[in-house]
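First the structure, in the form of structure tokens, and then the observations on it.
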Amino acid sequence: MTPGPPPLAESESLRRAFGSPVLFGLVQAFIGAALYFSLGLAVERTGGWTWAVYLAAAVFFGMTMLSYVEGASLHPERGGATVIARHAFNELWSFVAGWAILLDYIILVALTAFISTDYLGVFFPALESGVPEFLVALVLILVVAAINVRGLDPRRFQRMALTGIVDLAVQVVLVAFGIALLFEPEVITAPSSVAGSPSAGDLAFAFTLAIVAFTGLDASAGFAGEVAIGRAGLRRLVRVRMAAVLVPYAGITLIASTVAGSAGVLSDADRDSPLIGLTRAFENETLAGVLSVVVALSASAVLFTACSAAMLGLSRLGYSLALNRQIPSALGRLHPTHRTPVVIIAIATVLAVGLMAPVDIEFLGGLYAFGATIAFALVHLSVCRLRYTESGRDRPFTMPFNLRVGTYDLPVPAALGALVSVLAFVAVLWLHPSTRILGPLWMALGVGLYVYYRASQDKALYRRVTVPEQTLAGERPVGTEYGTMLVPVLGGPLDDDVMRTAARLSAGSRPDEGKEGAEIEAIWVFEVPLALPLDGRLPDAELKRARAALAHAKAVGEAHPGIKVLTTTVRARGAGPAIVREARRRGAEAIVMPAEEPARIRGGVLYGGKQGLRDTFLGETTRYVVRKAHCRVILTAPASSDRSPSGAGGRSRPARTDRPD
């Protein structure tokens with residue numbers, strides 16, 4: 001698997017390999033890795049209250065997960081937070097979300113590589129500090145970079161996911177022994193009696209550290225377009241995912257809170273490897289020794305997996321930013337052989353090593369929370385806005401607990417998640433002096449780069465603009481014209497001709513290379529009468545007809561090498577405005593559609609019309625799209641066995657309008 005569009009055969013194998021177990025395992029790897037390095041700092045600040053802080057973080061995780069699942073299922077494209085913000089707001093806010101998450105990925109690469117050496121220190125004590133520690137962490141980052149340059153196949157993804165699941169099993173065992181041998185009820189009834197009462201600042205500080213794991217949600221959401229999972233699977237994934245996060249975020253932190261005040265347990269020496277310190281709390285030396293070895297092995301494996309997954313998420317996100325011309329295309333240049341964004345991976349490697357050099361986990365944790373809170377706030381707000389702007393769209397997953405506000409349902413978890421994210425962002429700026437400087441500097445640098453690049457390319461700041469994948473690969477598309485194209489599907493005989501026309505005109509690649517090229521967005525517009533609510537129930541027959549037509553259009557389009565067809569349904573009062581609105585929102589470079597049969601009574605002199613009214617040769621929807629579309633509109637002449645007013649009959653033929661590119 002490559003971060004950019006993979007070869008067709010490989011993409012299909014990835015689609016078959018992915019599913020809820022793999023997504024579950026990847027997110028679990030991030031959660032496990034974060035606990036392995038954040039728990040020590042949190043216990044140091046919050047003592048017996050640590051479990052309460054992490055439990056609150058688990059609730060926030062649930063709210064954030066619901067927003068990501070609803071947003072990613074609504075728009076299943078690569079990019080995670082950037083895609084959700086793009087469809088809810090505009091391209092600039094999409095970039096802000098992506099740039100913030102990009103910072104988090106770089107920090108996670110540095111943190112996971114550095115902390116893994118502390119757990120390896122159980123077997124090789126020299127790796128716990130000094131030059132050996134830095135050199136081993138450096139080697140780990142270089143190995144992860146090399147792996148991602150070569151590309152990851154589905155088998156490696158399955159192994160990465162399995163590592164996360166095995167680590168969860170290790171945590172379950174640790175919790176079981178901890179509850180049986182270490183747990184004291186006083187940690188729940190009187191947590192201040194364990195290690196004193198933390199200040200409000202300490203609690204807020206620990207909460208911002210506890211959300212370090214949540215970037216895994218963005219990484220998994222980036223696979224939305226490649227995951228074969230249905231509506232029932234999404235609901236099952238949410239339930240299991242929420243239950244699993246309670247094992248480390250409630251179970252292990254409860255044990256850590258219990259022993260927080262014990263002498264020699266979770267001391268300064270265990271700050272960077274807190275779960276090793278936790279194993280020393282067991283009085284039975286044999287049990288403590290076995291658990292320390294098992295935890296060290298599991299921690300080393302899951303930290304390396306999280307490091308590799310963070311680099312993968314970073315490379316895919318960077319590629320998406322370059323593909324959408326949010327950063328210079330040169331930064332997204334693909335490797336000529338492996339077709340991975342080698343420039344982005346190289347830059348991220350240098351930055352990760354630079355961040356690792358100061359050996360300051362508290363600083364990196366604060367900087368991470370800065371980027372995460374920005375991205376999560378945008379995701380929550382985007383889902384709330386999409387409930388209003390796309391209220392009629394079919395949603396594979398809708399989060400529970402909604403409040404009716406006017407004509408749409410406000411998702412309460414998303415609204416609360418946005419509020420918590422903003423408050424956490426303020427807390428990060430308040431508690432981390434260095435983050436107050438470097439965080440805004442990073443964002444200002446990114447937004448400045450975005451604005452300058454768009455202005456230098458004479459491109460709009462708020463509209464989506466894409467570049468063909470072949471450009472990033474250093475190739476020149478052959479015999480092609482357009483990138484993303486929008487095709488309204490009508491369920492009639494012309495659909496095949498329209499899809500084939502779009503496929504021929506799209507920026508696909510050479511058939512003999514089998515590489516993905518352009519995307520065709522096939523949409524079906526449900527025209528809802530004014531007498532009915534826009535979000536009302538649609539007749540089953542209409543839904544069935546729309547799905548069948550879209551499935552057929554997808555099959556026809558993807559029969560052409562290098563073409564990917566995305567399908568969706570839209571509700572609107574009128575087809576013309578809906579087509580124009582969707583084309584603009586999706587950044588389509590062209591609209592390909594069949595011209596409607598005009599009403600013959602207005603067709604010309606022969607039918608009582610006025611001579612010279614050529615626009616009456618087209619139907620209402622076609623005329624509206626031709627006049628209002630921001631991009632070029634390509635029409636196929638209406639098929640008819642009878643003579644049409646324009647003199648065309650029988651076979652359809654493409655005809656370009658004079659709309660600007």
Of the criteria (1) of a type in the set (A, V, I, L, M); (2) under 30 Å from Val343 (Cα atoms); (3) touching a residue at least 40 places away in the same chain (Cβ under 8 Å), which one Val451 fails: (3)
What tally of residues in region 550-559 results from selecting those that are surrounded by fewer than 19 Cβ atoms within 10 Å (Cβ to Cβ) and either of a type in the set (Gly, Ala, Ser) or not assigned by TED's automatic domain parsing to the domain that holds Thr501 (or both)? 3
Checking the condition in a loop (DSSP other than H, G, I, E, B) and more than 21 Å from Gly71 (Cα to Cα), which residue from Pro358, Pro396 passes? Pro358
Residue list for region 172-203, filter: at pLDDT below 85 and outside any helix (DSSP H, G or I): Gly196, Ser197
If we keep just the residues of region 400-430 that are of a type outside the set (S, T, N, Q) and either part of a strand (DSSP E or B) or not assigned by TED's automatic domain parsing to the domain that holds Gly201 (or both), which is nearest to Tyr54 (Cα to Cα)? Pro411
Taking into account only those residues within region 119-176 that are under 23 Å from Val294 (Cβ atoms) and of a type in the set (Gly, Ala, Ser), which is nearest to the chain's Cα centre (by Cα)? Ala161
Among the candidates Asp458, Asp409, single out the residue that is more than 20 Å from the chain's Cα centre (by Cα), over 30 Å from Ala58 (Cβ atoms) and modelled with pLDDT under 90. Asp458
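Of all the residues that make up region 6-49, how many are modelled with pLDDT of 50 or more and either of a type in the set (A, V, I, L, M, F, W, C) or closer than 25 Å to Val238 by Cα (or both)?
The total comes to 24.
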Show me the helices (runs of 4 or more DSSP H) entirely contained within region 32-139 in which 2 or more residues are outside the structural domain of Val170 (by TED's automatic domain parsing) and within 30 Å of Thr398 (Cα to Cα). none
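The values are calculated or read from the model by the stated rules, or taken from the named source; none is laboratory data. Since the structure is predicted, the reported quantities are computational estimates derived from the model, not experimental observations. So basically every Cβ, Gly included, is an ideal-geometry build from the backbone, and we count neighbours across all protein chains shown.
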